[in-house]
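The values are calculated or read from the model by the stated rules, or taken from the named source; none is laboratory data. These numbers come from a predicted model, not from an experiment. Surface accessibility is based on the protein's heavy atoms, side chains included, excluding ligands, DNA and RNA. Shrake-Rupley method; radii C 1.70, N 1.55, O 1.52, S 1.80 Å.
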Amino acid sequence: MKLNEIRAGTLGGTLCSIWASVTLGDLLQTVIMAALGTLVSYLMSQLLDRRRRQ
C-alpha cells in the first residue's frame, strides 16, 4: 500500500467520524457565533478608527 493511499484512507475515516458527530444545532451555533464575532470585530474597528481620527 502506498503512503498516499494510507493518508487518504485516514483522512476519509477522520472526516466521516467528525461528520457523524456534528449536529445541525452545532452547525447553526457556529454560524451564529462567527457572524456575531465578525460584527463585533467590525464595530470595534470602526469605533477605534473614529476615536483615532479625533
Qualifying residue in segment 29-37 (condition: open to solvent by 90 Å² or more (accessible area, probe 1.4 Å) and not in a helix (DSSP H, G or I)): no
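Per-residue answers, yes or no, for (1) open to solvent by less than 70 Å² (accessible area, probe 1.4 Å); (2) at pLDDT below 95; (3) of a type in the set (S, T, N, Q); (4) part of a helix (DSSP H, G or I):
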{"site": "ARG7", "(1), (2), (3), (4)": "no, yes, no, yes"}
{"site": "LEU15", "(1), (2), (3), (4)": "no, yes, no, yes"}
{"site": "GLY25", "(1), (2), (3), (4)": "yes, yes, no, yes"}
{"site": "VAL40", "(1), (2), (3), (4)": "no, no, no, yes"}
